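Student: Provided herewith is a single structure, encoded as structure tokens, for subsequent inquiry.
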């Protein structure tokens, strides 16, 4: 029971954090937001990782895989997630981004020799239909060129997250220290963002990182890191087959919070909600073994 509660709290923490970011999105940019969120994550995750990790037998190969996984997610995935939030809004972006288990499953089938069950194929159909409905929703509100721009960011972000999960899983098979793996990934992402920020700051003063970004986004950054910790605590208390579907309810929390707190910024239609629910059902079915 405790694991179920922790998993739901994790999903709620992730969802509520996205709402706080969306409320102040126009006051910053995707790079600065990603950097702030990652700084807060490093401050929170590293002390916990060092306390619970056995450092007497460090595996270099496992650490390298954690670095590669961190470059993909949160590194690339987080950057494109927030960029997608800028272009398409939080609800549409979250709906498309939540399809990442689809790509993980396809990768597993193509490269790891896994097979699809009837439930997996049904889930695949639900996700595809859900994405088509989201695209139709965007089509009714924007031009065709803007559709491509709005969808490309969350799609790339979800692909990066899917590949990251595969790499991180291989790293954990070699060096089973999940908290350390997440902390290393956060530090890798931090380096990526600083590297991107340096040349960008020379080109434009708008993108320069400042204390204002910390003030605006330190709370959601802490919330996202807390979501990671709660998810690991949930996994320590309950089976993966139970925790994983509960974590997917993050999208539902985003939709509920967006409807409650972002009515002036975004329009949440019943069609979009139905599309998101269909995607969630598909993700749950495709995640079944």
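Student: Taking the condition of being outside any helix (DSSP H, G or I) and closer than 25 Å to residue 253 by Cβ, how many residues in segment 55-102 meet it?
Tutor: First pass over segment 55-102, keeping only residues outside any helix (DSSP H, G or I): 58-59, 89, 98-99.
Subset that is closer than 25 Å to residue 253 by Cβ: 89, 98-99.
Result for segment 55-102: 3.
Results for (1) surrounded by fewer than 24 Cβ atoms within 10 Å (Cβ to Cβ); (2) under 12 Å from the mean Cα position of the chain (by Cα); (3) farther than 16 Å from residue 169 by Cβ, shown as yes or no for each residue.
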site: 56; (1), (2), (3): yes, no, yes
site: 80; (1), (2), (3): no, yes, yes
site: 92; (1), (2), (3): no, no, yes
site: 104; (1), (2), (3): yes, no, no
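Student: Which residue out of 190, 272 is farther than 30 Å from residue 134 by Cα and assigned to a helix (DSSP H, G or I)? Walk me through it before giving the result.
Tutor: On the way: 272 fails: farther than 30 Å from residue 134 by Cα.
When all the criteria are applied, what remains is 190.
Student: Find all pairs meeting these conditions: Cβ atoms under 8 angstrom apart; at least six residues apart or on different chains; first residue within segment 207-236 and without any contact (Cβ under 8 Å) to a residue 12 or more places away in the chain and on the phi > 0 side of the Ramachandran plot; second residue surrounded by 17 or more Cβ atoms within 10 Å (Cβ to Cβ) and outside any helix (DSSP H, G or I).
Tutor: none
Student: Please go through segment 1-10 and give me each residue that is in a helix (DSSP H, G or I) and either surrounded by fewer than 23 Cβ atoms within 10 Å (Cβ to Cβ) or at positive phi (or both), ordered by number.
Tutor: From segment 1-10, those in a helix (DSSP H, G or I) are 2-10; that's our starting set.
Result: 2, 3, 4, 5, 6, 8, 9.
Student: Does residue 110 satisfy the criteria of being over 30 Å from residue 265 (Cβ atoms) and surrounded by 15 or more Cβ atoms within 10 Å (Cβ to Cβ)? Show your work before the answer.
Tutor: Details: over 30 Å from residue 265 (Cβ atoms): yes; surrounded by 15 or more Cβ atoms within 10 Å (Cβ to Cβ): no.
The answer is no for residue 110.
Student: Here's another thing I want to ask about it. Given the conditions (1) surrounded by 14 or more Cβ atoms within 10 Å (Cβ to Cβ); (2) within 19 Å of residue 250 (Cα to Cα), which single one is not true for residue 32?
Tutor: (2)
Condition check ((1) closer than 14 Å to residue 71 by Cβ; (2) at pLDDT below 90; (3) crowded, with 16+ Cβ neighbours inside 10 Å; (4) touching a strand residue (DSSP E or B) at 6+ places or on another chain (Cβ under 7 Å)) across all residues:
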site: 136; (1), (2), (3), (4): no, yes, no, no
site: 148; (1), (2), (3), (4): no, yes, no, no
site: 166; (1), (2), (3), (4): yes, yes, yes, no
site: 171; (1), (2), (3), (4): yes, no, yes, no
site: 182; (1), (2), (3), (4): yes, no, yes, no
site: 190; (1), (2), (3), (4): yes, no, yes, no
site: 198; (1), (2), (3), (4): no, yes, no, no
site: 202; (1), (2), (3), (4): no, yes, no, no
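Student: Kindly check whether there is at least one residue in segment 220-230 that is surrounded by fewer than 16 Cβ atoms within 10 Å (Cβ to Cβ) and either at pLDDT 90 or above or farther than 29 Å from residue 114 by Cα (or both).
Tutor: To start, the set of residues in segment 220-230 that are surrounded by fewer than 16 Cβ atoms within 10 Å (Cβ to Cβ) comprises none.
No; the residues of segment 220-230 include none that is surrounded by fewer than 16 Cβ atoms within 10 Å (Cβ to Cβ) and either at pLDDT 90 or above or farther than 29 Å from residue 114 by Cα (or both).
The values are calculated or read from the model by the stated rules, or taken from the named source; none is laboratory data. Only a predicted model underlies this, so the values are computations on that prediction, with no experimental measurement involved. Please note: Cβ atoms are built from the backbone with ideal geometry, for glycine as well, and neighbour counts cover all protein chains shown.
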